[in-house]
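Notes to accompany the following structure.
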Amino acid sequence: MIVVIRPDVSQEKIDHLIKWLSDKELIVREFHGEKQNVLGLIGNTKCIDMDMLKSLDIVESASDMNDTFKASNRKMHPADSIVNLESGTGPKIGGGNFALIAGPCSVESREQLTGIAKDVKVAGANFLRGGAFKPRTSPYDFQGMGSAGLEILLEAREATGLPIVTELMYLHNLDEFIEKKIDVIQIGARNTQNYDLLKELGRSTKAPILLKRGLAGTLKELLMSAEYIMANGNENVILCERGIRTYEQDYARNTLDLSAVPILKKLTHLPIIVDPSHATGRSDIVPSMALAAVAAGADGIIVEVHNDPKNALCDGAQSLTPKEFAKLSKKITKLHKALEE
Ligand code: PEP
Ligand code: MN
């Protein structure tokens, strides 16, 4: 339920109403906007007498929210959410803060990662990506370096100051991610509907969660997955469009659904970023799709960069070289600025 408070009502009166609603075991989210103060109620709102609520002198309007997604709903929080790192320092994502996340698909060695980290930082990336635990279609392919890969990511963070983004695949690795203060925890397309994992990410950490769209996931399914994390206590969720499976198989790995960006912007206050690498599987069209994503209003781009794409252990065909990334980064900055004007 959404309750709009009349302008110029004192905080004391609002707090009084919040206490009354909380005593009914409802979760109350307060949003202070420039024009409006809104209370979002989550839980069994049937226990509230709507007519009585509407008749209160501090209430301007009250309406039921029929949408299945609540905490992520823009009606709850009309302004864009800005996601911060747990430390409260470093780059932010959303509300005009653009995330340029770059790095290899997987960490392959210290030399490989530190070299790429330095290159992408110089080129303007504000986050470093790299998978230590890799979800591979074939069990015979490189599965990632595991914990040793995480250590290398930490060293690269230390060397460059770039916060790191890396994928968590299994619940049993979550403690290690928390202990190592992984800045942004990525949940990959194959785990988007692993609800036990999502619930635990809500309960155990406030680190930002980069939640990718499922392989053939709908937008509602993506929002409901975000809801699992948020309803369990972690509101720092970043959504990621990474292409979906369609009938196209020959010329693109997936189909980039760019309409997801403006649609999600309407539905939710959470930041939305785009992954043109997994969406296309082709480095030659990654730059144009990245720019199209910026034009569509994305809050960031996550892109794969490799120093030697031909010999990459994973996803070389979709990886940009550092030089190509530097060129793209310049264009993204220009375009983002132009769109802000
Ligand atoms: C990745 O980012 O390397 C990855 C495996 O992505 P996705 O989950 O989107 O396939
Ligand atoms: Mn990859």
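The values are calculated or read from the model by the stated rules, or taken from the named source; none is laboratory data. Since this is a predicted model, take the numbers as computed values, not measurements. Every residue, glycine as well, gets a Cβ built from its backbone with ideal geometry; the counts of neighbours run over all protein chains shown. For the accessible areas, the whole protein counts, side chains as well, though only heavy atoms, and no ligand, DNA or RNA atoms are used. Shrake-Rupley method; radii C 1.70, N 1.55, O 1.52, S 1.80 Å.
For this structure, a couple of remarks:
- Condition check for ASP299: open to solvent by 30 Å² or more (accessible area, probe 1.4 Å) and either of a type outside the set (S, T, N, Q) or under 16 Å from the mean Cα position of the chain (by Cα) (or both): no
- Test result for THR45, modelled with pLDDT under 95, open to solvent by less than 40 Å² (accessible area, probe 1.4 Å) and among the hydroxyl-bearing types (Ser, Thr, Tyr): yes
Residue by residue, here is whether (1) open to solvent by less than 10 Å² (accessible area, probe 1.4 Å); (2) of a type in the set (S, T, N, Q) holds:
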| position | (1), (2) |
| --- | --- |
| SER87 | no, yes |
| GLY94 | yes, no |
| GLU111 | no, no |
| ALA117 | yes, no |
| LEU128 | yes, no |
| LYS134 | no, no |
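- Of all residue pairs spaced 6 or more apart or on separate chains, those with beta-carbon atoms under 7 Å, a first member in the stretch 210-229 that is more than 16 Å from ligand 2 (Cβ to nearest atom) and a second member that is open to solvent by 10 Å² or more (accessible area, probe 1.4 Å) and part of a strand (DSSP E or B) are ALA216/ILE244; GLY217/ILE244.
- Within the stretch 235-276, the set of residues being over 12 Å from the mean Cα position of the chain (by Cα), more than 13 Å from GLY297 (Cα to Cα) and of a type in the set (A, V, I, L, M) comprises ILE244, ALA252, LEU256, LEU267.
- For the stretch 97-109, the criterion of being away from ligand 2 (no atom under 16 Å from the Cβ), at pLDDT 95 or above, surrounded by fewer than 20 Cβ atoms within 10 Å (Cβ to Cβ) and within 30 Å of ILE263 (Cβ to Cβ) is satisfied by at least one residue.
- Candidates PHE133, PHE177, PHE98, PHE127: the one that is closer than 16 Å to LEU313 by Cα and in contact with a strand residue (DSSP E or B) (Cβ under 8 Å, 6 or more places away or on another chain) is PHE133.
- Remark: pairs (first residue in the stretch 72-83, in contact (Cβ under 8 Å) with a residue 24 or more places away in the chain; second residue part of a strand (DSSP E or B) and aromatic (Phe, Trp, Tyr); Cβ separation under 6 Å; 6+ apart in sequence or on different chains) = HIS77/PHE31.
- Any hit, the stretch 293-303, residues being within 16 Å of ligand 1 (Cβ to nearest atom) and part of a loop (DSSP other than H, G, I, E, B): yes
Yes/no per residue for (1) open to solvent by less than 40 Å² (accessible area, probe 1.4 Å); (2) within 12 Å of ligand 2 (Cβ to nearest atom); (3) at pLDDT 95 or above:
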site	(1), (2), (3)
SER259	no, no, yes
ASP275	yes, yes, yes
ALA290	yes, no, yes
SER319	yes, yes, yes
PRO322	yes, no, yes
PHE325	yes, no, yes
LEU328	yes, no, yes
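- Number of residues in the stretch 88-112 that are among the hydroxyl-bearing types (Ser, Thr, Tyr) and under 17 Å from the mean Cα position of the chain (by Cα): the value is 0.
- Total residues in the stretch 28-66, condition in a loop (DSSP other than H, G, I, E, B), over 22 Å from ASP80 (Cβ atoms) and in contact (Cβ under 8 Å) with a residue 60 or more places away in the chain: 1
- Selected residue (criterion: nearest to the chain's Cα centre (by Cα)) from residues of the stretch 314-341 that are under 19 Å from ASP119 (Cα atoms) and aliphatic (A, V, I, L, M): ILE332
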